[in-house]
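I have placed the structure first, in the form of structure tokens, so that the comments after it can refer back to it.
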Amino acid sequence: GGEGFSFASKKASATQNASGGVVVPKSTQTTLARGSVKLKAPKGYCIDESSVSSGLQGSSALLAKCSSLDGKGAGNDTAVMSVQVSPRRGDAGKAPAPQDLVLAVAPNKILQSKQKGALSLVQVATGGDEVFKPADPVHWRGASVLDTRLVMFGLFVPEGSALHGPAGAALLAAFAP
């Protein structure tokens, strides 16, 4: 408690709250892909503005509970989401299928795969704990197409979180284009 997330920026733009937690610049919406893609955070979540990159080689951002970015710490009800947008490709691309994601994360073990609207999802058994300290190794990854860009998502939650199972897949599906 009080420390926020381990990925929280320690840059000059970050400040400390009264209890010493790192407070990072945040917003509920931003643009990626040099202004071509609007990113809007789900209710209760904020975009870590210090994590946003938007360039010719692609774009990315991290999102977390707004309270976590305020340096108030993270509990079991929180999640970290990552978004990556590829550079523009020639023609409108075919949306990846869940099997494409299975192949992309090989040799990692896949616990489940599913399609939710235009979003392909896989639940990966390992690696989530490499994103931030309290995360469970099990995490969700997703991919979709927006115009000529591939958009990839990650969802990382602490052990015991309600977002570990179907609720996590639903959160990503509601967030995805």
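The values are calculated or read from the model by the stated rules, or taken from the named source; none is laboratory data. From a predicted model like this one, the values you see are computed outputs, not experimental measurements. Note: ideal-geometry Cβ built from the backbone for every residue, glycine included; neighbour counts use all protein chains shown. The accessibility values were calculated without ligands, DNA or RNA, using every heavy atom of the protein model including side chains. Shrake-Rupley method; radii C 1.70, N 1.55, O 1.52, S 1.80 Å.
Would segment 92-108 turn up any residue that is touching a strand residue (DSSP E or B) at 6+ places or on another chain (Cβ under 9 Å), among the small types (Gly, Ala, Ser) and within 23 Å of Ile47 (Cβ to Cβ)?
So in segment 92-108, the residues touching a strand residue (DSSP E or B) at 6+ places or on another chain (Cβ under 9 Å) come out as 92-102, 104-105, 108.
Cutting the leftovers down to among the small types (Gly, Ala, Ser) gives us 92-93, 95, 97, 104.
Right, trim to within 23 Å of Ile47 (Cβ to Cβ) and you get none.
No: segment 92-108 contains no residue that is touching a strand residue (DSSP E or B) at 6+ places or on another chain (Cβ under 9 Å), among the small types (Gly, Ala, Ser) and within 23 Å of Ile47 (Cβ to Cβ).
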Taking segment 120-177 as the search range and keeping residues that are acidic (Asp, Glu) and under 14 Å from the mean Cα position of the chain (by Cα), which one is nearest to Val85 (Cα to Cα)?
Glu130
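Of everything in segment 29-52 that's assigned to a loop (DSSP other than H, G, I, E, B) and in contact with a Cys (Cβ under 9 Å, 6 or more places away or on another chain), which residue is farthest from Ser82 (Cα to Cα)? Talk me through it step by step, then tell me what you get.
In the first step, residues of segment 29-52 are kept if they are assigned to a loop (DSSP other than H, G, I, E, B); the result is 36, 41-44, 52.
If we keep only those that are in contact with a Cys (Cβ under 9 Å, 6 or more places away or on another chain) too, we end up with 41, 44.
Numbers: Ala41: 11, Gly44: 15 Å.
If we take residues in segment 29-52 being assigned to a loop (DSSP other than H, G, I, E, B) and in contact with a Cys (Cβ under 9 Å, 6 or more places away or on another chain), then Gly44 is farthest from Ser82 (Cα to Cα).
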Evaluation of Gln112 against (1) in contact (Cβ under 8 Å) with a residue 24 or more places away in the chain; (2) open to solvent by 30 Å² or more (accessible area, probe 1.4 Å); (3) more than 22 Å from Ala64 (Cα to Cα) (one fails), failing number
(1)
Which numbered condition trips up Ala64, out of (1) under 16 Å from His164 (Cα atoms); (2) over 15 Å from the mean Cα position of the chain (by Cα); (3) not in a loop (DSSP other than H, G, I, E, B)?
(2)
Which listed residue, of Ala143, Ala170, Ala135, is surrounded by fewer than 21 Cβ atoms within 10 Å (Cβ to Cβ) and among the small types (Gly, Ala, Ser)
Ala170
